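K.L.:
The structure is given below, and queries will be raised subsequently.
The values are calculated or read from the model by the stated rules, or taken from the named source; none is laboratory data. Predicted, not measured: the structure shown is a model, and the values here were computed from it. Reconstructed Cβ throughout: ideal geometry from the backbone, glycine too, with neighbour counts over all protein chains shown. Ligands, DNA and RNA are stripped out before the accessible areas are found, and what is left, the full protein with its side chains, is counted by its heavy atoms. Shrake-Rupley method; radii C 1.70, N 1.55, O 1.52, S 1.80 Å.
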Amino acid sequence: MTVSNTAIHILDGGMGRELEKVGAPFKQPEWSALALMQAPELVREVHTHFLNAGATVITTNAYALVPFHIGETAFNEQAFSLAESAAKLAREAVTFQQHKSDKLSVAGCVPPAFGSYRPDLFDAGRVAEILTPLIKAQAPFVDIWLIETACSIEEANAVVSLIKNLSSLPIWLSFSLQNRASSNEPMTLRSGEPLEKITPLLSHVDSVLFNCSQPEEMETALAITRQLNENIATGAYANSFSERKRQHEANAILSELRNDITPERYADYAQSWIAAGASIIGGCCGIGPEHIKAISDSIKL
């Protein structure tokens with residue numbers, strides 16, 4: 001099945017694993033931040049790989065620029081300059097490709113301030129302290145704010161409010177979902193809160209997405225969201241982690257990837273998300289340029 005891409009934004013895929021593939025320094029806990037510190041030219045190269053694959057929205061490499069990943073000292077000394085560099089690199093990559101399309105955009109990554117999948121670590125008192133320098137540094141270079149991997153209603157509310165106080169750019173809010181053992185179980189955020197609890201937030205953002213979750217969860221999440229508000233723009237960008245095998249905390253070690261998420265299969269998932277109403281499609285951890293190209297190729301020009 002193919003559909004028109006007239007209203008479809010194609011996000012890029014997972015930055016970290018692609019950095020590893022091109023030979024960038026890459027390990028936990030620094031994750032993708034290490035390349036910004038030691039080999040920023042490879043960050044721009046990875047952005048270009050995704051643009052060449054058909055991505056129309058490039059996300060800044062700011063996901064790991066928080067104390068959880070780089071430590072308090074490095075954060076205090078380098079967070080602003082590293083976030084500025086991340087945004088400039090994304091903008092440079094897009095500008096270089098702008099002759100191919102006038103529809104390319106840069107999304108400023110607003111990461112989880114206390115680590116992925118850890119709503120238990122959320123500290124409302126530190127949100128502004130951690131995220132304000134990242135937002136201010138990226139603001140001159142981005143077109144959209146992308147709040148990534150939000151795991152609770154409290155976290156989403158706090159980050160949306162902070163951005164609105166600092167910027168007037170559009171906000172795309174992306175939640176991460178708990179993996180269900182079966183489709184009969186209720187759909188929840190990583191916090192355990194029912195997905196329906198996001199309803200009040202829908203009137204305060206421009207788009208709601210779901211990311212860093214299993215691809216099998218996305219279609220239902222999109223359908224539920226459209227039932228909550230049929231006018232909200234929606235999107236999805238899944239990971240390919242072997243979640244049901246993972247016995248460690250997120251960010252502890254490099255997670256194993258699934259072998260069955262081929263580019264072709266991922267494109268099939270993406271088509272089901274579009275059929276469920278999604279207008280923003282891309283990939284998260286473990287989803288590379290080959291997957292984004294398969295999505296792009298599956299959408300009629």
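K.L.:
Of the residues Leu36, Leu19, only one is under 30 Å from Ile299 (Cα atoms) and either open to solvent by less than 20 Å² (accessible area, probe 1.4 Å) or in a helix (DSSP H, G or I) (or both); which? Spell out the reasoning first.
P.N.:
Details: Leu36 fails: under 30 Å from Ile299 (Cα atoms).
Testing whether each residue is under 30 Å from Ile299 (Cα atoms) and either open to solvent by less than 20 Å² (accessible area, probe 1.4 Å) or in a helix (DSSP H, G or I) (or both) leaves just Leu19.
K.L.:
Here's something else I'd like to know. Would you pick out the residues in region 137-175 that are under 20 Å from Ser191 (Cα atoms), polar (S, T, N, Q) and open to solvent by 20 Å² or more (accessible area, probe 1.4 Å)?
P.N.:
Those that are under 20 Å from Ser191 (Cα atoms), polar (S, T, N, Q) and open to solvent by 20 Å² or more (accessible area, probe 1.4 Å): Asn157, Ser161.
K.L.:
Among the residues that make up region 146-157, is at least one of them assigned to a strand (DSSP E or B) and free of Cβ contacts under 8 Å to residues at least 60 places away in the same chain?
P.N.:
Yes, region 146-157 contains a residue that is assigned to a strand (DSSP E or B) and free of Cβ contacts under 8 Å to residues at least 60 places away in the same chain.
K.L.:
Just the residues that are assigned to a loop (DSSP other than H, G, I, E, B), open to solvent by 60 Å² or more (accessible area, probe 1.4 Å) and among the polar types (S, T, N, Q), please, taken from region 62-103.
P.N.:
Gln98
K.L.:
Another question, if that's okay. Are any residues in region 18-46 farther than 23 Å from Ser240 by Cα, more than 19 Å from the chain's Cα centre (by Cα) and touching a residue at least 12 places away in the same chain (Cβ under 8 Å), and if so, which ones?
P.N.:
Met37, Gln38, Ala39, Pro40
K.L.:
If you check His49 against the conditions, is it in a loop (DSSP other than H, G, I, E, B) and either more than 16 Å from the chain's Cα centre (by Cα) or farther than 29 Å from Ala267 by Cα (or both)?
P.N.:
no
K.L.:
Next question. Report, by residue number, each residue of region 188-231 that is among the polar types (S, T, N, Q), open to solvent by 10 Å² or more (accessible area, probe 1.4 Å) and either touching a residue at least 12 places away in the same chain (Cβ under 8 Å) or assigned to a loop (DSSP other than H, G, I, E, B) (or both).
P.N.:
Scanning region 188-231 gives Ser191, Thr199, Ser203, Thr220, Asn229, Asn231.
K.L.:
In this structure, is Ser191 more than 24 Å from Asp123 (Cα to Cα) and of a type in the set (Gly, Ala, Ser)?
P.N.:
no
K.L.:
In region 257-288, which residues are open to solvent by 20 Å² or more (accessible area, probe 1.4 Å) and not in a loop (DSSP other than H, G, I, E, B)?
P.N.:
Within region 257-288, Leu257, Pro263, Glu264, Arg265, Asp268, Tyr269, Ser272, Ile274, Ala275, Ser279 qualify.
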